[in-house]
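Take this structure first; my questions come after.
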Amino acid sequence: MAEGKKASSKGVRDSTEARGRTNSFTDEERAAMREAARERRINQSDPAAGEREVLAKIAELPQSDRAIAERLHDLVKATAPHLTPRTWYGMPAYAEEGAILLFFQSAHKFKTRYATLGFSDKAKLDDGGMWPTTYAIKQFGPEEEARVEELLRRAVG
């Protein structure tokens, strides 16, 4: 660096933009990050607030996603009652010993054609050298419920 010149973040930003890349996030990504910061504050100050937050997030969902999320919530409570409901990046999620084990992502939130049920690396779903950890959900009838129940039982070991 030349003597008397100071490094600035503007110079880094300018050179990054000159190469055709930006460091910007989408509106949805920024909202999710703000939501995650808020959730950390809530969970640290009131651990029992988790279920209230999950139920509030589910209530905000459009009817098609809400019906799936409500049934999923009931299924988690019945199949793995030791999991702690809490929100994760604004999504209903369930934790085991403080670590997120599974989450529900609304199709509406990220403008996708289906909702998803995802499992973290804490879930005991290992099956050889490769296995699915995220599942698309377009409907949630008896067949899907049975499959999710089986996945939950495996995930918690």
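The values are calculated or read from the model by the stated rules, or taken from the named source; none is laboratory data. All of these numbers come straight from a predicted model, not from anything done at the bench. Methodologically, a virtual Cβ is constructed for each residue, glycine included, from the backbone with ideal geometry; neighbour enumeration extends over all protein chains shown.
Kindly establish whether Lys109 is assigned to a loop (DSSP other than H, G, I, E, B), closer than 16 Å to Lys57 by Cα and among the charged types (D, E, K, R).
Yes: the conditions hold for Lys109.
Determine if the stretch 101-111 includes at least one residue that is farther than 19 Å from Ala32 by Cβ and exposed (fewer than 11 other Cβ atoms within 10 Å of the Cβ).
There is no residue in the stretch 101-111 that is farther than 19 Å from Ala32 by Cβ and exposed (fewer than 11 other Cβ atoms within 10 Å of the Cβ).
Could I ask something else about it? Take Pro92 and tell me if it is more than 21 Å from Ala32 (Cα to Cα) and not aliphatic (A, V, I, L, M).
no
Could you please find all residues in the stretch 15-28 being modelled with pLDDT under 85, more than 13 Å from Met91 (Cα to Cα) and not polar (S, T, N, Q)?
Result: Glu17, Ala18, Arg19, Gly20, Arg21.
Check Gly141, Gly118, Gly90, Gly157 and return the single one that is out of contact with any helix residue (DSSP H, G or I) (no Cβ under 6 Å at 6 or more places or on another chain) and at positive phi.
Going through Gly141, Gly118, Gly90, Gly157 in turn, the sole match is Gly157.
Please enumerate the residues belonging to the stretch 79-126 that are in contact (Cβ under 8 Å) with a residue 60 or more places away in the chain and β-branched (Val, Ile, Thr).
Hit for the stretch 79-126 is Thr79, nothing else.
A quick yes/no check of all residues on (1) assigned to a helix (DSSP H, G or I); (2) modelled with pLDDT of 85 or more; (3) of a type in the set (Ser, Thr, Tyr):
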| position | (1), (2), (3) |
| --- | --- |
| Arg38 | yes, no, no |
| Ile42 | yes, no, no |
| Arg52 | yes, yes, no |
| Lys57 | yes, yes, no |
| Ser64 | yes, yes, yes |
| Ile68 | yes, yes, no |
| Pro85 | no, yes, no |
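Would you mind telling me which numbered condition in (1) more than 9 Å from the chain's Cα centre (by Cα); (2) part of a strand (DSSP E or B) Pro92 fails?
All conditions are met except number (1).
Scan the stretch 65-78 residue by residue and report those that are without any contact (Cβ under 8 Å) to a residue 12 or more places away in the chain and touching a helix residue (DSSP H, G or I) at 6+ places or on another chain (Cβ under 8 Å).
Arg66
Can you tell me which condition Phe140 does not meet? The list is (1) assigned to a loop (DSSP other than H, G, I, E, B); (2) surrounded by 14 or more Cβ atoms within 10 Å (Cβ to Cβ); (3) under 15 Å from the mean Cα position of the chain (by Cα), and all the others hold.
So the condition that Phe140 fails would be (3).
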